[in-house]
Amino acid sequence: MPTYRFTQGRIPLLVSMPHAGTALPLGFTERLSEPAQGVPDTDWHLPELYDFLEEIGCSVLTARYSRLVIDLNRPPDDAPLYATATTGLIPDKLFDGTPVYRPGAAPDETEKRERVERYWRPYHTRLEGELARLRETHGVAVLFEAHSIRSELPMLFPGRLPDFNLGTNNGESADPGLARTLADLLAGAAGYASVLNGRFKGGYITRHYGVPARDLHAVQLELVQATYMDETPPFAFRPDRADLVRPVLRRFVEALANFATANSR
């Protein structure tokens, strides 16, 4: 099975969903602990939530395989991104601290390297190639990293996370005017809480590919899952909640699209 889905759009905006995949390789499930077999740390239902992307004209890149196989939003050398607790390139624990693998079933270094080549490399080759195409064609490329997460995860952060967590790597990955426009848009969404460069400032993809001096702008939005789904198994999509938050997300993506097209040549 291909490791990702990709559709090419009309405007210089690429939406990346590196944690939306749920597929597992043949024989992989048997190696996982019972809690991990349900891939609970997935960014669930994002393609359904962002069902308007094609209409806007975005290119869309979505992972097929679970982040338990490999985390596409980590550097290939697994250098830590945060000083606080987090999970790595090849996760060995879930967000709640539960072991991913049964005793004796964790991958060795050879298998880890093979996973980088089999799953990580193709996604990033496509991502980098599409950004290069967009910049070559339009003179600018904008990358939106779409993510979601449970609202309370004591291992990763204290208390409840704000609903919208916008990250620009502390202002280094995107134009400051764009960041302010997006932050103001989210802050003005009635009934929701938001923060700019709080606990989630942007992972590897945002930090690595966002270089405003080269007309490459990247932002990450970590969305609390309770805004559109149930946060407990079976992690059901909630159309009643999604219908409320989707208009905000659409305005967010439209603001990115407006910036991208306004700065095209």
Rounded to the nearest 500, the 222 nm mean residue ellipticity computed for the chain from DSSP H runs (n ≥ 4, each -39500 (n - 2.57)) alone is -8500 deg cm²/dmol
In units of 2.2 N^0.38 Å, the Cα radius of gyration of segment 121-194 is 1.39
Which of Arg199, Arg74, Arg102 fluctuates most in a GNM of the chain (C-alpha springs under 10 Å)? That residue is Arg102
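Write down Rg/Rh for the chain, rounded to two decimals, with Rg from the C-alpha atoms and Rh from the Kirkwood relation over Cα pairs.
Here the Rg-to-Rh quotient is 0.95.
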Computed over the chain: longest principal axis from alpha-carbon atoms vs helix 176-187 long axis, angle to nearest 10 degrees, is 70
Rounded to one decimal in Å, the inverse mean reciprocal Cα-Cα distance for segment 8-77, i.e. its Kirkwood radius, is 13.5
Within the chain, the percent of DSSP beta bridges that are antiparallel, given to the nearest 5, stands at 35
The Cα extents of segment 56-164 along the principal axes, largest first and rounded to whole Å, are 50, 39, 24
Comparing Asp92, Asp43, Asp243 in a Gaussian network model of the chain (Cα, 10 Å), the one with the largest mean-square fluctuation is Asp243
Carbon and sulfur atoms account, in whole percent of the 1.4 Å probe accessible area of the chain, for 52
Farthest towards the positive end of the dipole of the chain, among Ile70, Ile56, Leu166 and with Cβ unit charges of +1 on Lys and Arg and -1 on Asp and Glu, lies the Cα of Ile56
To the nearest 10 degrees, the tilt of helix 121-138 (Cα long axis) against the first principal axis of the alpha carbons of the chain is 0
Segment 169-220: relative contact order from alpha carbon pairs under 8 Å, six or more residues apart, as a whole percent, is 49
Simple spin-label estimate for Ala23/Arg113, 7 Å along Cα→Cβ, in nm, reads 2.6
Relative contact order as a percentage, segment 1-107, C-alpha pairs under 8 Å and 6+ apart, gives 37
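Residues of the chain: accessible area per residue at 1.4 Å, in Å²?
For the chain, the solvent-accessible area averages 43 Å² per residue.
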So, relative contact order of the chain in percent, Cα under 8 Å, 6 or more apart, is 23
The chain, Gaussian network, Cα under 10 Å: of Leu131, Leu156, Leu166, the residue fluctuating most is Leu156
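The values are calculated or read from the model by the stated rules, or taken from the named source; none is laboratory data. This structure is a prediction, so every number in the text was calculated from the model and none was measured. Note that we place each Cβ from the backbone using ideal geometry, even for glycine, and neighbour counts take in every protein chain shown. For the accessible areas, the whole protein counts, side chains as well, though only heavy atoms, and no ligand, DNA or RNA atoms are used. Shrake-Rupley method; radii C 1.70, N 1.55, O 1.52, S 1.80 Å.
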